[in-house]
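Chemist: One structure, as structure tokens, below. Some questions next.
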Amino acid sequence: MSFKVLIADDEPNIVVSLEFMMKREGYEVLVARDGRQALEAIRRERPQLVLLDAMMPGMSGFDVCEAVRADGAVRDTRILMLTAKGRDTDVARGVGVGADAYMTKPFSTRDLMQKVRDMLA
Amino acid sequence: MKFDRRLMLVMLAPGAALAAWLALGGVLLRMTLDPAQRAGVDAAIGPLVASHGVLPVAWWLIAAALAAWAAGRLYAAHVAAPARLADATRVLIGDVAAPDLVPRGGAAARDLTAAINGLAGTRRALHEDMARLVAEASQGVAEQRDQLGALMAELNQSVVVCNLDGRILLYNRRARQLFRRLSRTPQGAGGAELIGLGRSIYGVFDRALIAHALETVDRRIARGGDAATVSARFVTGTPAGHLLRVSMAPVRPAASDRPALTGFVLLLDDITDEYEAHSRRDRQLLELTEASRASFASMQAALDMLDYPDLAAEERDRFHKVVRDEVSAMSARLTALAAGTSQDLMTRWPLQEMLGGDLVAAAVTRIEADTGQRVASDKVDGTLWLGVDSFALIQALAFLASRVVEAFDRPDLRIRLAQAGNRAHLDLIWAAEDARPETLAGWQTGAMQVGDARSPLSVRDVAERHCGEVWFEHDRSLALSFFRFLLPLATGEPAAAVTPGDTRPEYYDFDLFAASEGGRALDERLLEDIAYTVFDTETTGLHPAHGDEIIQIGATRIVNGKLLRGECFDQLVDPQRSIPEASIPIHGIRPAMVRGKPSIAEVMPAFRAFASDTVLVGHNVAFDMRFLKLKEAVSGVRFDQPVLDTLLLSSVVHPNEASHDLEAIAARLGVTISGRHTGVGDALATAEVFLKLLPLLREQGILTLGQAREAAQKSYYSRLRY
């Protein structure tokens, strides 16, 4: 079966590449432009994996992560946080609110794909 | 001559005793006779009494007189003389400076007098020694205090010393300037409502904050910290939104082993600007990092995608567009950042504010001394305030000038200073037909050497130290060459220059270390121990109820019996009505002077802050108080502290004088008034009069505030209505 992956990022320029990459890998790709959309999409579409940007207008990626972990129905969604916040305090916060993995921008797409495959395996 | 009863008794006693003795002998003789013999004696003596009776009486009288004379001599020698000696000695006991005793009486008495004089002399010498030592010691202490005060005044950091009650007993000029900036009423009081001798530091800092810092210090000392070096640091905000970094060091007597605190020293830095600059920079840095990460991520991902060989043409175009987008977004960000921070890129070198004219004058002197060449400085805007490191800058100018003089065959030199936008151009100019750039090579970047003095800096370093620039220009048409320094103008208002000859304001009073309210009610406190605000108002007229208004408030402070001329309140007030022509000669305030000044509703809170914790003093103060009272509603400020009136106090001291107006009292008490009928001038005169009245009141047994108020109330003048 094909996995459903949600890309939640407000930067269209990164979404373009991520979407292309995920589709090429054969996943079904959903896109959310901000935190609220992302949370709705997770509840509605039940993706297996979310590539979640930490800094989005309105609801931040950290907030989304907390809400997902608090919601019994979608609690097990795997979350990979992709963010430009690179301070170790930010990484700690990401892991603390329940992200399964945390990658700091910029990243190599090869590493990202490997991580995605591992998390979906 | 004084009648001495005891001397009389002493002189009469021997005669009386002799008479009694003779009479007793006669009676006893008579009793040994039988009746026949007694009758025979009576018959024999009886007829003789009338004719010869006077003889034995005269005989006795002579004996009595002789005895009286002897008794008198004895009395004078052994009773009166010692008593006189004792009295004179008692005078000596009471007064060290009393003259020596005059020796009188017999040899023994003279001997005794000499001995007493010797003792008194020894004591006098001892006393003089003691007095001299005390005088020397206190002069030494006074000198040290003055030196400390002078040192503090020149310190570049704000210093405030407080006793344990938080009362300020020393502050320096810097602190005064700092508090002027912190003041929310910078006009009239100029920070004097916050900082002043005897004022509470808790008006500025939270009491709990100071207590916490003191505890921290105590704990460190208890843990074995060196009491001399322990200090506590904290950063705090002020009501006016400033951020202060405070370093507190305890004050304790040096002598004893584990002495208790007697006060504390606060070193203050206003770090508001610094902190804002830092946090702005941090924020910019963080934003830049995060935005760059995001951009690089997008670019990297897009480039990775472009590596796929099987991309369709429009997919390839899309990823190229991503890269182009992000590159231009990053350039835009960097441009914006560079524009925003160019002002901030300071080398953090402390620059001093200096008047352009002074800088040029100093540079000219230096260059003329170094080169022996006259320097013209006619095109100088001497009114510009510059932010400069004057030493390094003058060194750079002197270095360039000496090189120019060597290389160009002693041309005429000229210095020019002019404003250029928000910076200044400082030019060193000389006449030269052509530029000869090869001659100038290395002048700007090499280490400066003038004569034997070699500086580690280059001319360029000096320019960069000012966040400025330096370059060489040649004007072919005028045949002039010049080096141009681009220098920063002074930021903000230059600090008020201290004019020489200023009396040094009272910035310290160490007697306040011991001062303590001791929990006594104000009315029971001694007049000398109370802090006063002496004030005067100028008004448009005499009838507040009929629309007359205050147009000026002037005030000064008395703390610990000293007039603090440096801590004044001087504020013109916009009466929001016309000023009658007739009143202008009295107060000298014209309508133009009060235009744009704050209204009484704004000034009253500032004045209340200035007068907080003090007793108000004024001359005929009921008049001023009526004006203030009428403004309670509009300003929301009440003056409910005790009030003393120098007019009433003067009438207490001199009830029989006809006039108690300020000039009359001042003349009587030897106070010279300058600046009569200006707010501060009258307040200062009233304060001096008040200080002269205090000892006169003391002579009348009026010691406390309560007694003074009572006496004033009873005085004749208080019964008149104003």
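Chemist: For labels at residue B:592 and residue B:406 in the simple 7 Å Cα→Cβ model, what's the distance in nm?
Modeler: If labels sit at residue B:592 and residue B:406, their model points lie 5.8 nm apart.
Chemist: May I ask you to list the trypsin sites (Lys or Arg not before Pro) in region B:30-115 that are in a DSSP loop and have at most 13 other Cβ atoms within 10 Å of their Cβ?
Modeler: In loop regions of region B:30-115 (DSSP not H, G, I, E or B), the sparsely surrounded trypsin sites (Lys or Arg not before Pro) are B:104.
Chemist: Give me the three principal axis extents of region B:349-424 from the C-alpha atoms, as integers in angstrom, largest value leading.
Modeler: 35, 26, 19
Chemist: Additional query: How many angstrom lie between the C-alpha centres of region A:60-75 and region B:355-430?
Modeler: When both Cα centres are located, 69 Å separates them.
Chemist: Counting only other chains, what is the mean number of Cβ atoms within 10 angstrom of the Cβ of each residue in peptide B:301-314?
Modeler: 3
Chemist: Taking R0 as 51 Å, what FRET efficiency do you get between residue B:80 and residue B:39 from their Cβ-Cβ distance, rounded to the nearest 0.05?
Modeler: 0.45
Chemist: Okay, moving on. Short version: what are the Cα gyration tensor semi-axes of region B:50-147, square root of 5 times each eigenvalue, largest first, in whole Å?
Modeler: 58, 11, 6
Chemist: Now for a separate question. Across peptide A:99-107, how many C-beta atoms of other chains are within 10 Å of each residue C-beta, on average?
Modeler: Other-chain Cβ atoms within 10 Å of each residue's Cβ, averaged: 3.
Chemist: Based on Cβ point charges of +1 for Lys and Arg and -1 for Asp and Glu, what charge dipole magnitude is obtained for chain A about its Cα centre, in debye rounded to the nearest 20?
Modeler: That gives a dipole near 200 debye.
Chemist: Considering the Cα positions of chain A, please state its Rg to one decimal place and its Dmax as a whole number of Å.
Modeler: 12.8, 38
Chemist: For region B:621-722, just run the numbers: alpha carbon Rg, then divide by 2.2 N^0.38 Å, N being how many residues it has.
Modeler: In units of the globular-protein estimate, region B:621-722 measures up at 1.13.
Chemist: Give the dimensionless ratio obtained when the Cα radius of gyration of region B:369-476 is divided by 2.2 N^0.38 Å.
Modeler: Cα-based Rg divided by the globular estimate yields 1.05.
Chemist: So what's the angle, to the nearest 10 degrees on a 0 to 90 scale, between helix B:5-32 and the longest Cα principal axis of chain B?
Modeler: Helix B:5-32 sits at roughly 30 degrees to that axis.
Chemist: For every helix of n ≥ 4 consecutive DSSP H residues, a contribution of -39,500 (n - 2.57) applies; sum these over chain B, divide by its total residues, and give [θ] at 222 nm rounded to the nearest 500 deg cm²/dmol.
Modeler: Mean residue ellipticity at 222 nm (helix-derived): -16000 deg cm²/dmol.
Chemist: Moving on to the next point. Angle between the Cα long axis of helix B:35-52 and the longest principal axis of chain B, 0 to 90 degrees, nearest 10?
Modeler: Roughly 70 degrees between the two axes.
Chemist: Using a Gaussian network model on chain A with a 10 Å cutoff between Cα atoms, which of A:74, A:97, A:16 fluctuates the most?
Modeler: Highest fluctuation among the options: A:16.
Chemist: Going by alpha carbons, how many degrees (0 to 90, nearest 10) lie between the helix axis of B:207-222 and the longest principal axis of chain B?
Modeler: It is inclined by approximately 80 degrees.
Chemist: More than 13 Å apart: what percent of Cα pairs in region B:113-159 qualify?
Modeler: 69
Chemist: Rounded to whole Hz and in sequence order, give me ³J(HN,Hα) for region B:689-705 from the Karplus expression 6.51 cos²θ - 1.76 cosθ + 1.60, θ = phi - 60°, writing x for Gly and Pro.
Modeler: Going residue by residue, I get 4, 4, 5, 6, 6, 4, x, 5, 5, 4, 4, 8, x, 9, 10, 9, 4 Hz, with x marking Gly and Pro.
Chemist: Right, something else. Suppose every Lys and Arg Cβ carries +1 and every Asp and Glu Cβ carries -1, with no other charges. What dipole size does the protein assembly as shown come out with about its Cα centre, to the nearest 20 debye?
Modeler: Computed about the Cα centre, the dipole is about 2880 debye.
Chemist: Output the Cα-based Rg and Dmax of region B:552-677 in Å, rounding Rg to one decimal and Dmax to a whole number.
Modeler: Calculated on Cα positions, Rg and Dmax stand at 15.9, 47 Å.
Chemist: Rg and Dmax of region A:18-83, Cα atoms, in Å?
Modeler: Both quantities, over Cα of region A:18-83: 11.3, 32 Å.
Chemist: Would you please state the base-10 log of I(q)/I(0) at q = 0.13, 0.24 1/Å for region B:267-337, with intensities from the Debye formula using one equal scatterer on every alpha carbon?
Modeler: Debye output, listed in q order: -0.53, -1.00.
Chemist: With springs connecting C-alpha atoms under 10 Å apart, model chain A as a Gaussian network and identify which of A:86, A:61, A:35 has the largest mean-square fluctuation.
Modeler: A:86
Chemist: Between residue B:128 and residue B:93, what is the FRET efficiency for a Förster distance of 22 Å, r being their Cβ-Cβ separation, to the nearest 0.05?
Modeler: 0.85
Chemist: On alpha carbon coordinates alone, what is the Rg over Rh value for chain B, Rh being the Kirkwood radius?
Modeler: 1.28
Chemist: Going through the cross-link list A:23/A:115; A:4/A:115; B:562/B:597; A:85/A:115, which pairs have a Cα-Cα distance over 27 Å in this structure?
Modeler: B:562/B:597
Chemist: Could you state the principal axis extents of the C-alpha atoms in the protein assembly as shown, from the largest down, to the nearest angstrom?
Modeler: That works out to 189, 89, 67 Å along the principal axes.
None of the figures in this text is laboratory data; all of them are computed from the coordinates on show. It should be emphasised that the depicted structure is a prediction, and the values quoted were computed from it without experimental measurement. FYI the Cβ positions are ideal-geometry reconstructions off the backbone, even for glycines, and counts take in every protein chain you see.
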